[in-house]
1. Which condition number does B:Glu295 fail, the rest of (1) more than 26 Å from B:Val221 (Cα to Cα); (2) loosely packed, with under 12 Cβ neighbours inside 10 Å; (3) among the acidic types (Asp, Glu) being met?
2. Any residue in segment A:145-170 that is of a type in the set (Asp, Glu) sitting within a Cβ distance under 7 Å of a residue that is assigned to a helix (DSSP H, G or I)? List the pairs, counting only those 6 or more apart or interchain.
3. Counting only residues that are under 16 Å from B:Leu140 (Cβ atoms) and among the aliphatic types (A, V, I, L, M), which one in segment B:162-180 is farthest from the chain's Cα centre (by Cα)?
4. So B:Val134 passes all but one of these: (1) in contact with a Gly (Cβ under 7 Å, 6 or more places away or on another chain); (2) within 14 Å of another protein chain (Cβ to nearest Cβ). Which condition number does it fail?
5. Among the helices (runs of 4 or more DSSP H) contained in segment A:171-238, which hold 1 or more residues that are away from every other protein chain (no Cβ under 13 Å)?
6. Touching a residue at least 24 places away in the same chain (Cβ under 8 Å), surrounded by fewer than 21 Cβ atoms within 10 Å (Cβ to Cβ) and either among the β-branched types (Val, Ile, Thr) or touching a Lys or Arg at 6+ places or on another chain (Cβ under 6 Å) (or both): which single residue out of B:Thr108, B:Thr208, B:Thr141 fits that description?
7. Taking the condition of being in contact (Cβ under 8 Å) with a residue 12 or more places away in the chain and buried (at least 17 other Cβ atoms within 10 Å of the Cβ), how many residues in segment B:111-131 meet it?
Amino acid sequence: MNVPAKKRFGPLLLIAPAALLIGVFLVLPYLNIVLMSFRMPGQGTPYGPGFTFGNYGKFFSDFFYISQVINTLWIGFLTTFICLVLGYPVAWQLARGASAFRAVGYALVLSPLLVGIVIRSYGWTILLGNNGMINRTLIGFGLIDRPLGLMYNSLGIVIALVHVFLPFMILPLMSALQGIDPSIEAAARSLGAGRITAFRRIVLPLAMPGIQAGCILVFVLSLSAYVTPSLIGGLRVKTMAVSVVDALIDTFQWPFGSAMALMLSLTGAIMVMLFARLTRMKWKAN
Amino acid sequence: MIGFFPGSGSSIGKWYFMTEVSIEKLTKDYGQGPAVNSISIRIAEGEFISLLGPSGCGKTTTLKMIAGFEDATEGAIRFDGRDVVHVPVEKRDIGMVFQNYALFPHMTVEKNLAFGLEMRKTPKDEIRTRIARVLDMVQLTGYSERYPRQLSGGQQQRVALARALVIEPKILLLDEPLANLDAKLREEMRVFIRDLQRRVGITTVYVTHDQAEAMTMSDRVVVMFGGRIAQIGTPSDIYERPANLEVAEFVGQVNIVRGKVGNRIVSTAFGDIPVSGDHAAGTELMLALRPEAVELLPVSSGADGVPAKVLSSYYSGSLVDYRLELAGGATVSVQTFPRTRFADGDQVLVHAPADRFWPLGSAA
């Protein structure tokens, strides 16, 4: 076959910029982390000479780390679920509500993103702390006599993460709901479906791509969140992301930190795949 | 009360629940004055009725109230005597066809058609036979596994129609169903829908702003302006005997001829036209004259007619439209068959039979 060189290399040239970008910024760093996770721990250095499976061994042999993974996943699930439940009505109003509300509502949903995540998380410590506004108000009204444990636990982290990531649930949901013609729902009603049936059989399946996108975004962001869990969880509750940073920076264990980071990525990826599979099946069954 | 489909007890072509719909003093007020203002319509069993009017006249709001998507502010809607104003949409037993088809995009044609029957808990095998029948009725046999996006606009509209009919509703409601189709298909669908409606004999309310659609399809037309009914009548009533100037101008083209009222006559540029009814002598009266009611003759014919000059002409194949200037300076539109053609600037005689003038009321 006599294909001119130009024709053969043309397509390759076209994808080269994208390939380069992905290669340099995603693949290489990832490979470096994978490599790092097999290195020997060092004494006074980030890592020592030679390679080992020991980092993974340490991770799996200590229930402390496994339970940390479970707790991180649990925080991710809860945050995602609460964001979905809270975000759906807002997204619906933004998609279908009166136009006057829509402009204001859209601005309100986006406004938290304009404030830095550190400031927002710090704001929550002021509200949630033992001497914080919520506890003081409740004590002041005589509703409780000892402060509720709102901080330094998973509950506080979930509360703050929901606030931080809610826009990431609302925006994809909103765009999915906007794509559903209101007369489609009206048609279902005219055919004898009540509001709930019309929602379940028609609106929900059509909104599913948006629900999927929003859930995956929030879940992944929750798993990898660092600032909020470290500020709210303090020393008492640590998510995986916090532990990874501890290992890398505080205790200077790069190989073990890398192994933990990879385990976090892996469990997150498995969860996302399971979720995508589950929701897709639900959609087809309709 | 007999069913159209097998399994509901019938083998003949007609269904079925012929429902009489009665709308009484129906009003809808969104808070800025009534959008629909105390309208009353009696729709006979099996009748095809159109709500015709410009956008914002209240026709769609009326349809939505009949369907149950809008609450009536006041008044009653009766299906066979029973007031349904407080019955929710899903319990009203209506079949509705929407302007943009509103098919469920994530379901096949078959699933779309089955939806309403599943809501009614119809047994599976009956659902299957009914779907087969209705697909045959709308000439889409073999399309049951397609998704809406795989169908043309006209096919989607037929699926929408089938989906509304397969549940054997009491009444069929159509909201500008042909507005999104191209001109040729629109004309085909007019005939298709009308034939289908005649065959099944279902009481039908059709909303449109297209007067040709309303005229060709309906038993009766309800013309609405500003939330009120301007006129209810057969298509020929509406066209030949319009209730007022607004109706005359909305439905087709019309010449408004003004004249002074004398003793049972009106003096116009076309001569004295006899009129019946009470019109105070000396007042000015408006008469409607349809362009096709007028005859154009060559001056050489020496016939009885008003002299006029051709200003312009528009040939459209089957017809020619002329703009003419009468001797007195008034302009008049005339539509004729292109058998005899006149050129711009030609002198002609305009003959308008006295019985083709229709009084519209006093000129303001």
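The values are calculated or read from the model by the stated rules, or taken from the named source; none is laboratory data. A quick note: this is a predicted structure, and the numbers were derived from the prediction, not measured. Ideal geometry is used to build each Cβ from the backbone, glycine not excepted, and the neighbour counts take in all protein chains shown.
1. It is condition (2) that B:Glu295 fails.
2. Pairs that qualify, where the first residue is of a type in the set (Asp, Glu) and the partner is assigned to a helix (DSSP H, G or I), are A:Asp145/A:Ile139.
3. Only one residue fits best here, namely B:Val166.
4. Of the numbered conditions (1) in contact with a Gly (Cβ under 7 Å, 6 or more places away or on another chain); (2) within 14 Å of another protein chain (Cβ to nearest Cβ), the odd one out for B:Val134 is (1).
5. A:204-224, A:227-233
6. After applying the criteria, what remains is B:Thr108.
7. 10
Table: residues versus (1) under 21 Å from the mean Cα position of the chain (by Cα); (2) closer than 27 Å to A:Pro229 by Cα.
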site	(1), (2)
A:Gly23	no, no
A:Arg39	no, no
A:Pro46	no, yes
A:Tyr65	yes, yes
A:Leu84	yes, yes
